[in-house]
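Student: Starting off with a structure, shown below.
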Amino acid sequence: MPKIKTNKGAKKRFKLTKSGRIKRANAYKSHLLESKSSNRKRKLRQSSIVAASDEKKIKRMLPYG
């Protein structure tokens, strides 16, 4: 059986945790930062967990993760 190609965009954006969940970075952190509070910007630095409804799609894009 042939090898499955990894989706390179997904590979750069997501990381698998030890328990099998998928980590992602928060959006809204790249520009127009003056209007956002420092508290909000600080919270955007933390990583988030991908929603359960999207996990199956992302795991298909990362077959060897």
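The values are calculated or read from the model by the stated rules, or taken from the named source; none is laboratory data. Values in this document were obtained by computation on a predicted structure and should not be read as measured data. A quick note on method: Cβ atoms are made from the backbone with ideal geometry, for glycine too, and the neighbour counts reach across all protein chains shown. To get the accessible areas, we keep the full protein, side chains included, count just its heavy atoms, and leave off ligands, DNA and RNA. Shrake-Rupley method; radii C 1.70, N 1.55, O 1.52, S 1.80 Å.
Student: Scan region 39-59 and report the pairs whose first residue is over 8 Å from ASN26 (Cβ atoms) and in a loop (DSSP other than H, G, I, E, B) and whose second residue is open to solvent by less than 70 Å² (accessible area, probe 1.4 Å) and not aliphatic (A, V, I, L, M), with Cβ atoms within less than 9 Å and a gap of 6+ or a chain change.
Tutor: What qualifies is VAL50/PHE14.
Student: With the requirement that a residue be open to solvent by 70 Å² or more (accessible area, probe 1.4 Å) and outside any loop (DSSP other than H, G, I, E, B), what does region 17-37 give you?
Tutor: Taking region 17-37 and keeping what is open to solvent by 70 Å² or more (accessible area, probe 1.4 Å), we get 18-19, 21, 23-25, 28-32, 34-35.
Listed by number, the residues that qualify are LYS23, ARG24.
Student: Looking at region 44-63, is at least one residue hydroxyl-bearing (Ser, Thr, Tyr), out of contact with any Cys (no Cβ under 6 Å at 6 or more places or on another chain) and at pLDDT below 95?
Tutor: No, every residue in region 44-63 fails to be hydroxyl-bearing (Ser, Thr, Tyr), out of contact with any Cys (no Cβ under 6 Å at 6 or more places or on another chain) and at pLDDT below 95.
Student: How many residues does region 22-54 hold that are within 17 Å of GLY9 (Cβ to Cβ) and under 10 Å from the mean Cα position of the chain (by Cα)?
Tutor: Let us first name the residues in region 22-54 that are within 17 Å of GLY9 (Cβ to Cβ), namely 22-25, 27, 30, 50, 54.
Narrowing the set further to residues that are under 10 Å from the mean Cα position of the chain (by Cα) leaves 22-25, 27, 50.
Final tally of qualifying residues: 6.
Student: Test SER19 against the stated conditions and say whether it is polar (S, T, N, Q) and over 30 Å from MET1 (Cβ atoms).
Tutor: Values: polar (S, T, N, Q): yes; over 30 Å from MET1 (Cβ atoms): no.
The answer is no for SER19.
Student: Just to be sure I understand, how many residues within region 38-58 are out of contact with any helix residue (DSSP H, G or I) (no Cβ under 9 Å at 6 or more places or on another chain), within 23 Å of ILE4 (Cβ to Cβ) and either open to solvent by less than 50 Å² (accessible area, probe 1.4 Å) or among the hydroxyl-bearing types (Ser, Thr, Tyr) (or both)?
Tutor: 2
Student: Considering only region 1-26, state which residues are in contact (Cβ under 8 Å) with a residue 12 or more places away in the chain and among the aliphatic types (A, V, I, L, M).
Tutor: Across region 1-26, the qualifying residues are ILE4, ALA10, LEU16, ILE22, ALA25.
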